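The values are calculated or read from the model by the stated rules, or taken from the named source; none is laboratory data. What you are looking at is a predicted structure, and each value in this text was computed from that prediction instead of being measured. As a convention, Cβ positions derive from the backbone with ideal geometry for all residues, glycine included, and neighbour counts pool all protein chains shown. The area values use the complete protein model at the heavy-atom level, side chains included, leaving out ligands, DNA and RNA. Shrake-Rupley method; radii C 1.70, N 1.55, O 1.52, S 1.80 Å.
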Amino acid sequence: MNKEIKISILETMLKIRKAELQLAMMFKIGKIPSGAHLYEGEEAIAAGICANLRIEDQLVSTHRGHGHCIAKGMEPRRMMAEVCAKSSGCCSGKGGTMHMFDPSIGVMGTIGIVGGGMPIATGLGLAIKLNNSDRVAVSFFGDGASNNGAFHESLNLASLWRLPVIFVCENNKYATSVSVARSTPIDDISIRAAGYGMPGVTVNGNKVDEVYAAAAEAITRARRGEGPTLIECKTYRIRGHFEGDDALYRTKEEVEAAREGDPIEYWKNALIADGTITEQDFLALSDKMDELIAQAAQFADESPYPSPEDALRLCGGNPTVVV
Amino acid sequence: MPTRRIRFVEALREGMRQEMERDASVFVMGEGVGPHGSCFKQTDGFCAEFGEDRCRDTPISELAIAGVAVGAALAGMRPIADLMWIDFTMLATDQICNQAAKLRYMSDGQVSVPAVFRASTGRLKSNAAQHSGSWYSWYVNMPGLKVVVPSTPYDAKGLIISAIRDNDPVVYLEHKMLLNVKGEVPEEPYTIPLGVAEVKKEGSDLTIVATGYEVIESLKAAAMVEGDGISVEIVDPRTLMPYDSDTILESVKKTGRLLVVDEGFRYCGYGSEIISMVVERGMDILKDRPRQLTTRHSTIPFSPPLEEFILPNPTKIADEIRAMMGKSTEAGVLA
């Protein structure tokens, strides 16, 4: 990783963190109609994977997709306006926090159904292969989704057809209220890849250099036509499943212990240690991101809601009967 | 256009083949569609002509078959996902109903899903409970999906071409009892617009709205009641969603009587929609209460006498027509 990339990754992680914390605050004061699923503590995964992607590479993500959207290049203002249900959001308020799209930067959808995105990403991979392109498709999903039939069908097909799909399992230890220990009989989800004849690797999802390196290798393989990879990134879901989740199914001590491994702290310390940045550089960057997010929040807050009639624009099927 | 008599399955095959020749982004995938040519030979010869990339076999992974179609469609291709039996589409329901149907709307039009989900539908002798379904009303009910059920070879070809060219997801259902039915079909490609019904038989006393194979069964019943002096008009919606309410209302205005014959089940079935639409919009044109004749509300049994008891047939349809015309004392609609 050269200096530019290292700093760019730090900036992305800060941007995501500050955006998510800002949204948490906005939810508390009633500016968001329904609880968002926030990405605090998992930023290294989105940043590390997406730093390897070109704009024309594609990703599909989940209900917890804000970080991936930002890491792929979505402006925080458009993302936040969407969460706030405004017409200036990336989907004009139609998709909302769980369903974000921007195909111009390769965000082909964040999908609200657990498991829903993996087959879609596999299809993106098929189209890439049939069109003889060297793009890749990335499928982000969680530990919970790795127990879903869609995971198994998708990996099987992607491996069988040698599709350029990177399956990224964000093992944040919880699927809503159920811990991975209580849902999954294996420790490393990555071993499932072997069952589908494809490589699988587990990395520390809070160490962005590990994520970055695993992604680089998988993406290089995929671009060469050598097929898919499963990358399991172990992390921790710092917040509840959704904003407003009292998360009584885990202890405060467990959450506090997890904060010790904060991915931004790790990367900041690493970049100071290797002389890439100074403490002052970090503070300046952090302030700059604060400013960016404050402006984005103001934009979201001041934007209008969509007009009610807009609800029926694009309604599918165009029924001829008056409804 | 010169026409010739070919079978429904040949017309369907020809429509797909001609579109694949015209548009390189069209491809088919499903269990057995490759060298085997599909379970009912819908893709016979496709591998030889298009290769296994564009006519590809899949594992038995209905959810992934449908989901891969969604993804490929998002990327600008026009996939035809063959799910074999409408009963198996249940395994793919998330991708058809939560994904394909909704992505264009949720994205505010930034993406679209020009995929066709094809399956066989309906009875075939003693195919029993899990292979005889007609669940298309479920898909009619899902905003974002178009649903097509052709009843003739001519309709089969025109509608598959339109379905493939449509930029929204289309569920296309080919009835098993129709596959070997012959009809006049133009050699050239042609389209039948989605959302346009066809009057399959003109009449003056009673309107039947029938779907799929029940169009054929209703035509037989109409011939049976001619001897009673009853003239039946048969309207085939062809596209079940969006459907052509104007043609249906025009017919009911002419006859004053409506019988819907549908192989699905009556509860929240397609017949229920047609009747409720006519009552909501045409109460004053009805001379008598509308009725529907459907498969009885039961799991479909295996043994032929049991299966016959459950399903509609021309005799039951004719009895219903006569009852509605006051020409018999038979009981009315059975549920």
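I'd like the orientation of helix B:8-22 relative to chain B: the angle between its Cα long axis and the longest Cα principal axis, in ° from 0 to 90, rounded to 10.
Helix B:8-22 and the main axis of chain B meet at about 40 degrees.
Taking a ≥ b ≥ c as the square roots of the eigenvalues of the Cα gyration tensor of segment B:77-130, is the shape rounded (a/c under 1.5), prolate (a/b larger than b/c) or oblate?
Details: a/c = 4.22, a/b = 2.45, b/c = 1.72.
Cα axes put segment B:77-130 in the prolate bin.
What whole-number distance in Å separates the alpha-carbon centres of segment B:67-134 and segment A:232-272?
One Cα centre to the other: 39 Å.
What do you get for the angle between helix B:153-165 and the principal long axis of chain B? Use alpha-carbon atoms, 0 to 90 degrees, nearest ten.
50 degrees
How much accessible surface area, in Å² rounded to 10, belongs to the heavy atoms of A:Leu130 with a 1.4 Å probe?
That residue has around 40 Å² of solvent-accessible surface.
Need one word for segment B:9-52: rounded, prolate or oblate. Basis is the Cα gyration tensor (sqrt eigenvalues a ≥ b ≥ c); a/c below 1.5 gives rounded, then a/b vs b/c decides.
On the way: a/c = 1.84, a/b = 1.25, b/c = 1.47.
Judged from the Cα gyration tensor, segment B:9-52 comes out oblate (a/c at least 1.5, b/c at or above a/b).
Rg over Rh of segment A:171-323, using C-alpha atoms and the Kirkwood radius, what does it come to? Present the calculation step by step, with values, prior to reporting the outcome.
Working: Rg = 22.0 Å, Rh = 20.2 Å.
That ratio equals 1.09.
Could you give P(r) for the protein assembly as shown, binned at 20 Å from zero, as whole percent values over all Cα-Cα pairs?
Percent of pairs per bin, in order: 18, 44, 28, 9, 1.
Just subtract the alpha-carbon distance of B:Glu49 and B:His36 from 0.36 nm times their residue separation and send over the number in nm, one decimal. Could you put the intermediate results ahead of the total?
Values: separation 13, 0.36 × 13 = 4.68 nm, distance 1.35 nm.
Contour length minus the Cα-Cα distance gives 3.3 nm.
Apply the Kirkwood formula to chain A: the hydrodynamic radius equals the inverse of the mean of 1/r over all pairs of different alpha-carbon atoms; give it in Å with one decimal. Write out the running numbers ahead of the final one.
Numbers: mean 1/r = 0.0499 Å⁻¹.
Its Kirkwood hydrodynamic radius stands at 20.1 Å.
Considering only protein heavy atoms, what per residue accessible area in square angstrom results for the protein assembly as shown with a 1.4 angstrom probe? Working shown, then result.
Details: 24500 Å² over 658 residues.
With all protein chains present, the protein assembly as shown gives 37 Å² per residue.
Can you give me the % of accessible surface on the protein assembly as shown that is carbon or sulfur? Probe 1.4 Å, all protein chains present, nothing else counted. Numbers along the way, then the final one.
Values: 12800 of 24500 Å².
For the protein assembly as shown, the apolar C and S fraction of the accessible surface comes to 52 percent.
What would the Debye formula give as log10 I(q)/I(0) at q = 0.07, 0.11, 0.14, 0.15 Å⁻¹ for the alpha-carbon point model of chain B, no solvent?
Here the Debye-derived log intensity ratios amount to -0.28, -0.69, -1.08, -1.22.
Residues in segment B:153-178, backbone N under 20 Å from the label point at B:Ala128 (7 Å along the Cα-to-beta-carbon vector): list them, ranges by number please.
B:176-177
Once you order the gyration tensor axes a ≥ b ≥ c over the Cα atoms, which shape class does segment A:239-311 get: rounded for a/c under 1.5, otherwise prolate or oblate by comparing a/b with b/c? Could you put the intermediate results ahead of the total?
Numbers: a/c = 3.94, a/b = 1.29, b/c = 3.06.
It comes out oblate by the Cα gyration axes.
Could you list, bin by bin from short to long, the percent of Cα-Cα pairs of segment B:205-335 in 10 Å steps?
With 10 Å bins starting at 0, P(r) equals 13, 47, 33, 6, 0.
Modelled label-to-label distance, A:Ser104 and A:Glu309, 7 Å Cα→beta-carbon offset: nm?
The modelled label-to-label distance comes out at 2.6 nm.
Take every DSSP beta bridge whose two residues both sit in chain A, then give the antiparallel share in percent to the nearest 5. Show your work: numbers first, answer last.
On the way: 3 of 25 bridges.
The antiparallel proportion sits near 10 percent.
For segment A:93-123 and segment A:24-63, what is the separation of their C-alpha centers, rounded to whole Å?
Going from one Cα centre to the other spans 12 Å.
Give me the angle, in degrees from 0 to 90, between the Cα long axis of helix B:314-324 and the longest principal axis of the Cα atoms of chain B, rounded to the nearest 10.
Helix B:314-324 sits at roughly 50 degrees to that axis.
Relative contact order, percent, of segment A:1-139 when contacts are C-alpha pairs under 8 Å separated by at least 6 residues? Walk me through the intermediate numbers first.
Working: 221 pairs, mean separation 32.0, N = 139.
Once divided by the residue count of segment A:1-139, the mean separation gives 23 percent.
Quick check on chain A: helices-only [θ] at 222 nm, where DSSP H runs of length 4 and up contribute -39,500 (n - 2.57) each and the sum goes over total residues. Nearest 500, please.
Working: 11 runs with 138 residues, N = 323.
Here the helix-only value at 222 nm equals -13500 deg cm²/dmol.
For a quick check: with amide H placed at 1.01 Å from N, whose amide H comes under 5 Å from A:Val168's, ignoring anything fewer than 5 positions away on the same chain?
A:Ser139, A:Phe140, A:Phe141, A:Ile231
Can you work out ³J(HN,Hα) from phi for every residue in segment B:32-42, in order, using Karplus 6.51 cos²θ - 1.76 cosθ + 1.60 and θ = phi - 60°, giving whole Hz and x for Gly and Pro?
Taking θ as phi minus 60°, the curve returns x, 6, x, x, 5, x, 6, 4, 10, 6, 5 Hz for segment B:32-42.
If I histogram all Cα-Cα distances within segment B:117-210 using bins 10 Å wide from 0, what percent of pairs lands in each bin?
Whole-percent P(r) values from 0 Å outward: 14, 42, 34, 10.
From the backbone phi of segment B:191-207, what are the Karplus-calculated ³J(HN,Hα) couplings (6.51 cos²θ - 1.76 cosθ + 1.60, θ = phi - 60°) in whole Hz, Gly and Pro given as x?
10, 10, x, 5, x, 10, 7, 9, 7, 7, 8, 8, x, 10, 9, 7, 9
Return the long-range amide H neighbours of A:Thr235 (sequence gap of 5 or more, or a different chain), with a cut-off of under 5 Å between placed amide H atoms.
A:Asn171, A:Asn172, A:Lys173, A:Gly205
Considering only chain B, what is the antiparallel percent among its DSSP beta bridges, to the nearest 5? Kindly include the intermediate steps, with their values, before the conclusion.
Working: 10 of 44 bridges.
Of the beta bridges lying entirely in chain B, close to 25 percent run antiparallel.
How much of the DSSP bridge set in the protein assembly as shown is antiparallel, in percent, rounded to the nearest 5?
20 percent
Take chain A, mark every one of the GluC sites (Glu not before Pro) that falls in a DSSP loop and has at most 13 other Cβ within 10 Å, then report the longest stretch left between them, sites excluded. Could the numbers behind the result be given before it?
Working: sites that count: A:Glu56, A:Glu260.
After excluding every exposed loop site, the longest remaining stretch is A:57-259.
May I ask you to evaluate 6.51 cos²θ - 1.76 cosθ + 1.60, the Karplus curve with θ = phi - 60°, for each residue of segment B:62-70 and list the ³J(HN,Hα) values in order in whole Hz, giving x for glycine and proline?
Calculated HN-Hα couplings, in order: 4, 4, 6, 4, 5, x, 5, 4, 4 Hz.
Taking 2.2 N^0.38 Å as the expected size of a compact globular protein, what ratio does the Cα radius of gyration of segment A:54-126 give against it, to two decimals? Present the calculation step by step, with values, prior to reporting the outcome.
Numbers: Rg = 11.4 Å, N = 73, 2.2 N^0.38 = 11.2 Å.
Ratio of Rg to 2.2 N^0.38 Å for segment A:54-126: 1.01.
For B:Phe27, what residues show an amide H to amide H distance below 5 Å, using hydrogens built from the backbone and excluding near sequence neighbours?
Close amide H contacts, sequence-distant or interchain: B:Arg78, B:Ile80.
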